[in-house]
Amino acid sequence: MSNHDSRTVVISGAGLVGCIAAIGFANKGWNVKIYEARPDPRSPTQIQKLSRRSINLAISSRALMAIKAIDGDGDLYHRLVTDATIPMKGRMIHGTDGSLDSQIYSSKGECINAIDRQKLNNALIDEAEALPNVSVTFDAKICTVHFDKRVLQYQVNSETVTDKDWDLVLGADGAHSVIRNQLMRVIRMNFAQEYIPHAYLELSIPPGPIDKQTGEATFLLDAHHLHIWPRHSFMLIALPNQDRSFTCTLFAPFEKFDELANSKERFLDMFRAEFPDAIKLMGEESAAQDYMTNPKGSLITIKCSPYHYADRAVIVGDAAHSMVPFYGQGMNAGFEDVRVLLSLMDAEGVSSAKSSPSAPLARTLDRYSKERERDLRSIVNLAMGNYVEMRSKVTNPLYKIRKQIDAV
Ligand code: FAD
């Protein structure tokens, strides 16, 4: 139930970052209205549809810190993370000859963690919706915002609905953000986007046989590594899931996919030659089926700045900085956006009270744009750098020696 004395933030997008932002703002006393263009991902039809694809993610201390900070003294971190993640302590490099090379990330035991994207997103929607001052409307696609007049329009079942009851718009609507486009009309936003030549395709390794002692399925690969099959111009990676399966992603140039020409046989020939150990674990029939049915996604980098307009709007997450996934930091950086934004609001004394002055909020958003830009540009560039590192440099003997020295 919304509080008439509190300010209202409209959040565009109930993705990972939009939900974290909703929880953060609601905990600070704001009324939160989320509009999400897609249907509710928790509905039975959507669960069935989405369960066929489940990109898992690497969640790092960047996001974990943000969850802890946003939730204050709550136990959101434990509910979302403790039982839902699998720590990965290093990379496991798979050679074409079946050789294995474990490259540990840290001598101090620091890890990144595998988590199921859809489960995390659904849990975050549950958490947000459970708060009394949050409402979530699905199938509601925001199409226009007039920031000065405070008029926002969204479409539900091809009908246009107008919302004039808000103070701030937070765009967490992903790489093709409508809020970013609307901002571009009113501010001098610098903007650059670049598609890389690679596409990605999701495949999977099923759980292994049941362990007689524990009565549970086993992992067919070491569960505590991020597995990489680097082949210079393309690569395969695998991250563990809690059901003991692995989600694998093939990153290859679109031209490589064109060469395969939607032919099962060509796909299997390529896998038998390049990833002989992986294809045995996947099972040829199942891998070929995934190849034929799963989409081949494109990968985009987006840089822009500034991220805000006056005291009216700000963009976070992929809407502000899409990056290629090779550094595993897109969502992590998006969660950090929300942590930084909320801490600047505290520093500037922004109140959730409707009667409070607008200047502190305008100052916060301005500081956010100025102080965040350098870090975001850096992480987008680092992600692009890791594009070459993961598929190629990790196989270089000199690189391996340097990493061993770094780890001591
Ligand atoms: P999104 O997840 O894109 O969510 C945006 C939401 O807004 C969607 O639900 C969409 O339906 C909704 N929306 C869009 N337009 C509108 C509108 N007009 N009105 C209302 N709603 C709207 N990141 C990591 O941190 N670690 C990883 O390991 C990792 N691996 C990745 C692997 C792959 C293959 C890819 C492609 C990405 C990976 N990422 C990873 C990046 C990560 O997926 C993104 O950074 C993250 O999803 C961004 O979250 P978001 O909420 O900003 O945007």
Scanning region 180-202 for residues that are without any contact (Cβ under 8 Å) to a residue 24 or more places away in the chain and not in a helix (DSSP H, G or I), the one nearest to GLN289 (Cα to Cα) turns out to be ARG185
If I ask for residues that are in contact (Cβ under 8 Å) with a residue 12 or more places away in the chain, over 13 Å from VAL10 (Cα atoms) and in a loop (DSSP other than H, G, I, E, B), which ones from region 112-148 would you list?
LEU131, PRO132, PHE138, ASP139, ASP148
Name the pairs whose Cβ atoms lie under 6 Å apart, with the first residue in region 319-341 and farther than 20 Å from VAL388 by Cβ, the second in a helix (DSSP H, G or I) and within 7 Å of the ligand (Cβ to nearest atom), and 6 or more positions between them or separate chains?
MET331/LEU16; ASN332/ALA63; GLY334/VAL17; GLY334/GLY317; PHE335/ALA63
Any residue in region 6-35 that's more than 15 Å from LEU361 (Cβ to Cβ) and more than 8 Å from the ligand (Cβ to nearest atom): show its pairings with residues that are in a loop (DSSP other than H, G, I, E, B) and among the basic types (Lys, Arg) at Cβ separation under 6 Å, as long as the two are six or more apart or on different chains.
none
Look through region 317-362, keep the residues that are of a type in the set (D, E, K, R) and either within 8 Å of the ligand (Cβ to nearest atom) or within 13 Å of ASP167 (Cα to Cα) (or both), and return whichever of them is modelled with the highest pLDDT.
ASP318
Filter region 151-166 for residues that are more than 29 Å from ILE300 (Cβ to Cβ) and either part of a strand (DSSP E or B) or in contact with a helix residue (DSSP H, G or I) (Cβ under 8 Å, 6 or more places away or on another chain) (or both) and give the result.
VAL151, GLU159, VAL161, THR162, ASP163
What residue, among those in region 192-214 that are surrounded by fewer than 18 Cβ atoms within 10 Å (Cβ to Cβ) and either within 16 Å of the ligand (Cβ to nearest atom) or under 19 Å from the mean Cα position of the chain (by Cα) (or both), is farthest from SER322 (Cα to Cα)?
PRO197
Tally, over region 135-155, of residues that are more than 10 Å from the ligand (Cβ to nearest atom) and closer than 16 Å to PRO39 by Cβ
1
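The values are calculated or read from the model by the stated rules, or taken from the named source; none is laboratory data. In this text the structure is predicted, and so the values were computed from the model without any measurement. In this analysis, Cβ positions are derived from the backbone assuming ideal geometry, glycine residues included, and neighbour counts consider all displayed protein chains.
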